[in-house]
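To start, the structure under review is shown below, and the notes come after it.
The values are calculated or read from the model by the stated rules, or taken from the named source; none is laboratory data. As the structure is a prediction and not an experimental result, all values here were calculated from the model. Keep in mind that these areas ignore ligands, DNA and RNA; they rest on the heavy atoms of the full protein, side chains included. Shrake-Rupley method; radii C 1.70, N 1.55, O 1.52, S 1.80 Å.
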Amino acid sequence: MWWDERVSARFRRNLQPTLTYWSVFFSFGLCIAFLGPTLLDLRCQTQSSLSQITWVFFSQQFCLLLGSCLGGVFKRTLAQSLFALFASSLAISLVFAIIPLCHNVVVLAVVMAVAGLAMGCIDTISNMQLVKIYQKDSAIFLQALHFFVGFGALLSPLIADPFLSDTNCILSNSTANASSNLPHIRKSLVPHHPGNLSHYDLPMKGMVVTRVSYAFWIMALINLPVPIAVFFLLYKERMVPCFSSSSHPLLSADELALETRPTEKDELPPSLQRAQVAAGGHDDLLSCCQSKNFRGASYTYFAVHITGALVLFMTDGIVGEYSGFIYSYAVEEPLSVVHKVAGYLPSLFWAFITLGRLISIPVSYRMKPATMVFINVVGVLITFLLLLIFSSSVVFLFVGTASLGLFLSSTFPSMLAYTEDILQYKGCATTVLVTGAGIGEMVLQLLVGSIIHEQGSYSFLVCGMIFGGLAFTFYALLLFFHRMYPKPSSALDEASPDKPAAMDDTGQYQR
């Protein structure tokens, strides 16, 4: 194997939980990408207007953000985390099965809100649990985790495509005129910006003819093994209530050594007790904001959290705004790319994000997360600069889109691994970073849509350049605060039962 025996042994010891978290993130990707291509068929199914149906995007994304913030509530213990993942992955399968039965846009928005909450919990808990298991070796496993979300995001549009309507799926007198614009409308749908399509008159009443229900039922079946896998992990850990009377398996020698380590806080000096409180455990966002977690913490402790979240606010925001508006930018002047060709741009972008995440799995073993994030943010900045210089070249637009997907692909897992490493795997880094990324994807899409509406399509690349520059600036600040962040004292390292070295020696799955 291309990694060393120590990491390989740790992976083998934690094979089932690792594969389970990867499969749950596949559910996340499957759910995050299906809504765009199927939205017009869902409009027909609910017999709603374009402006009404596009707000279904908002219900999903807002509740995804809310679920990311609240996901930490369920990760205080392994049992809570696994039950939350089981409920979330099962909810996604149920959502896929229920969507064809939603014939009212409000009901559909509520169902998508439930899906968003489930996705948010999956996002926070899966990242957190992998970091807890692998700690200093987590970078490679986080890269693999985010490859699976990209794989799911690629798969769901491919499943839906054969069942999408080629003509308008509500038959009425105006069907012929509406059907000629259908491919353009489908690729132009952007969350929260129905005004861009208000000049298209699609019928709301008539006979509904759509086969998109089959796509959702297929995705429900594909996703069904995921909650089953989580259930088997619960069963293995003896956490299923009906099996709770069974005795727990005996601890291994390594686990027993961990259990019997002296952990009483009274044996530590008061200054080290305060340092442990300041570092804290991984909590939800609300718990992170409690004043007790701030006692004894230096300003660099907060600065690392904030600058790390701001980097992901910008980079994940770029992913959202680029994938949402690249088609609209390409079909406008001066490029004026034909609609069919421009439709390949979002697919190319996501394909190279998935390819980049696959490549990053072996690369992250040889390269430090800090170096990977530096290459990513510099690459994004240079790509936008070249896109601005060659803004009249259609060929370079495709090259730049692929390049941007590659550079953005590994930013989130690399930043998460780097920030957690700075904070010695304590603090609230995962919760803060996941929340920051979700807010960025939501806010920057709204901001760029408003700017394009006022200033024209060229501002799309200008905004990307500005966001890339801000991401680089915040990353430079993160490096500065990393240098100033206090290193753990030797006394704390020896006394703390949570130190990373203990995990490096044993690599056991924490209950």
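Shape of segment 25-66 from its Cα gyration tensor (a ≥ b ≥ c, root eigenvalues): rounded if a/c is under 1.5, otherwise prolate when a/b > b/c, or oblate? Oblate, since a/c reaches 1.5 and b/c is not below a/b.
Using a cut-off of 18 Å between Cα atoms, the listed pairs LYS132/LYS487; LYS136/LYS487; LYS136/LYS426; LYS368/LYS426 include LYS132/LYS487; LYS368/LYS426 as exceeding that distance. THR77 contributes about 60 Å² of solvent-accessible surface, heavy atoms of the protein only, 1.4 Å probe. Heavy-atom accessible surface of TRP350, to the nearest 10 Å², is about 80 Å², with a 1.4 Å probe and all protein chains retained. Per-residue SASA remark: PHE390, around 100 Å² accessible (1.4 Å probe; ligands, DNA and RNA not included).
Of the residues MET128, MET484, ranked by 1.4 Å probe accessible area with the largest first, the sequence reads MET484, MET128. For segment 298-487, what is the accessible area per residue in Å², given a 1.4 Å probe and the full set of protein chains? Value returned for segment 298-487: 38 Å² of accessible area per residue.
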